[in-house]
1. Whole number please: convex hull volume per residue of the Cα set in the range 132-201, in Å³?
2. Can you give the net charge of the other residues whose Cβ lies under 10 Å from the Cβ of ARG284, counting K and R as +1 and D and E as -1?
3. Does the range 209-270 classify as rounded, prolate or oblate by the C-alpha gyration tensor (a ≥ b ≥ c root eigenvalues; a/c under 1.5 gives rounded; else a/b over b/c gives prolate, otherwise oblate)?
4. Sorted by average packing, counted as other Cβ atoms within 10 angstrom per residue and highest first, what order do 136-146, 220-230 take?
5. I need the phi-derived Karplus couplings for the range 146-152: 6.51 cos²θ - 1.76 cosθ + 1.60, θ = phi - 60°, integer Hz, Gly and Pro marked x.
6. Once amide H atoms are built 1.01 Å from N in the peptide plane, which residues 5 or more positions from ILE161, or in another chain, come under 5 Å H to H?
7. For Cα pairs less than 8 Å apart in space and 6+ apart in sequence, what is the mean separation divided by the residue count of the range 104-214, i.e. the relative contact order in percent?
8. For each pair in LYS243/LYS300; LYS267/LYS300; LYS248/LYS299; LYS188/LYS243; LYS159/LYS188; LYS183/LYS203, compute the distance between the two Cα atoms and list the pairs where it is over 27 Å.
Amino acid sequence: MSSSKNLDFEKTSFLNKSNSAFIEEMYLKFVNKDADLPESWANYFEGIGEELNVIAKEINGPSWGPTKKKIDIDELQKKIEEQDKNDFDNVKLDTSEKFNFQLLADSNKDSISAVALIRAYRLRGHLLADLDPLEMRESEYLDELHPDFYGFKKENYDKKIFLNGVINRKYANIREILKFMKKTYCGKIGYEFMHISNPDERKWFRDRIEQDKNALQFTKNGKEAILNKLVQAEGFEKFLATKYVGTKRFGLDGGESLIPALEQIIKIGGQNNIKEVKIGMSHRGRLNVLANVLQKSYKKIFNEFAGEFSTDSEDSAGDVKYHLGASLIENLMEIQYMSV
C-alpha cells in the first residue's frame, strides 16, 4: 500500500458506513458554521484542508451502493470558499487603516529606550546633582544620561512616546522626560536609592521622589522660621569656635540644615500622634542638636566646656560634654505633648 493511501487510511479510519450519517451531520454543521458543532470536530475539519474529497467519498460510499442523497463536494467547496471570503471581508481594513507593523516596532523601541533613559537617571542622576554652590566642580558628562545614547535624535524630541504610567505619565516626549528627570534627580538634592535590594522599599522611595508635588512650597512664615533656626545653629557654632579655641566640640559647620529638618520631623510626628521621640546620632552636631532642638540651656553647655558638670547625676561626672544627653517635653499644641 502506498504512503499516500496509508495517509488516507489514517485520516479516515473512523469513517465507515455505520457512522456515516453522524459524520455527515457533523460536516454539514462545520460547513454552515453551526455553533453546536463540538470543538474537536471543528478542529478536525479545519485541519483536513485539501482532503475534502476523501471525506466526501467515504460518506457517499461506492458509486454502485444504494441510492441516497450524496454530498456534492464541489458545491460544498464553493460554499466554504464563499463563507471564508465573507469572513475576510468583514474584518478587512480600509486601505487607509492598514496596520503598520514597522510603526508598531518603532513605537515599542521608543518606549523601551525612554524607560531605559528614565532608569539611568534614577541610577546616576545624583552624580550630576547641583551640590556645589561655589561652582568649582567641572560639569561631568555621562553618556547614559543623554537621549542620543538611546538612539533619540533632536528632531524627534517632540515625538509622543507611550510610557504606561512610568513617572506618572501615560505619554510624554523626550523634552518633557528630560525636564522632569533633571528637575527631580539633578537639582539641589541628589537621590541615590537604586542600590536597595528590597523592591518594595525601592518603590517607596521612587514614588515619593517622583511625585510632581515633590518641590516644596514654603510660606513666608515658614521661610522665616527656617532662617531663624539656621541663624541660631550657625551662631552657636561660631561662638564655640571663638570662645573655646582648640576644644573638641564636633561642630555642625556646613550641616546646619539638620536643625530645622529635625524640628520639622518632630512636629510632623506629633501631628501623627507620635508620643515619644528618641534621637541617637554621631558626635558631629550633637551639641547643636542639644541646644537648638532639645533646648538644653546654653549655660549648662558652657559650664560643661569649663568642666563644671551638673550635680543632678553622679553618673555624668568626668564625662565629656558631647556625651551628655537631654530631654524635652515639647508642647506641640495646646493639648498635645511629646517627649523628646
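1. Looking at the range 132-201, the number lands at 136 Å³ per residue.
2. Values: positive: ARG249, ARG286; negative: ASP253.
Result for the neighbourhood of ARG284: +1.
3. Details: a/c = 2.70, a/b = 2.28, b/c = 1.18.
Because a/c hits 1.5 or more and a/b exceeds b/c, the range 209-270 counts as prolate.
4. 220-230, 136-146
5. The phi angles translate into 10, x, 5, 5, 9, x, 8 Hz.
6. The answer is ALA172, ASN173.
7. Numbers: 115 pairs, mean separation 38.1, N = 111.
Here the relative contact order equals 34 percent.
8. Values: LYS243/LYS300 15 Å; LYS267/LYS300 25 Å; LYS248/LYS299 18 Å; LYS188/LYS243 34 Å; LYS159/LYS188 29 Å; LYS183/LYS203 19 Å.
Long pairs (Cα-Cα over 27 Å): LYS188/LYS243; LYS159/LYS188.
Read the figures in this text as sums done on the coordinates, not as results from a lab. Note that this is a predicted model, so its numbers are computed, not measured. Neighbour counts are summed over all protein chains in view; Cβ atoms, including those assigned to glycine, are modelled from backbone coordinates with ideal geometry.
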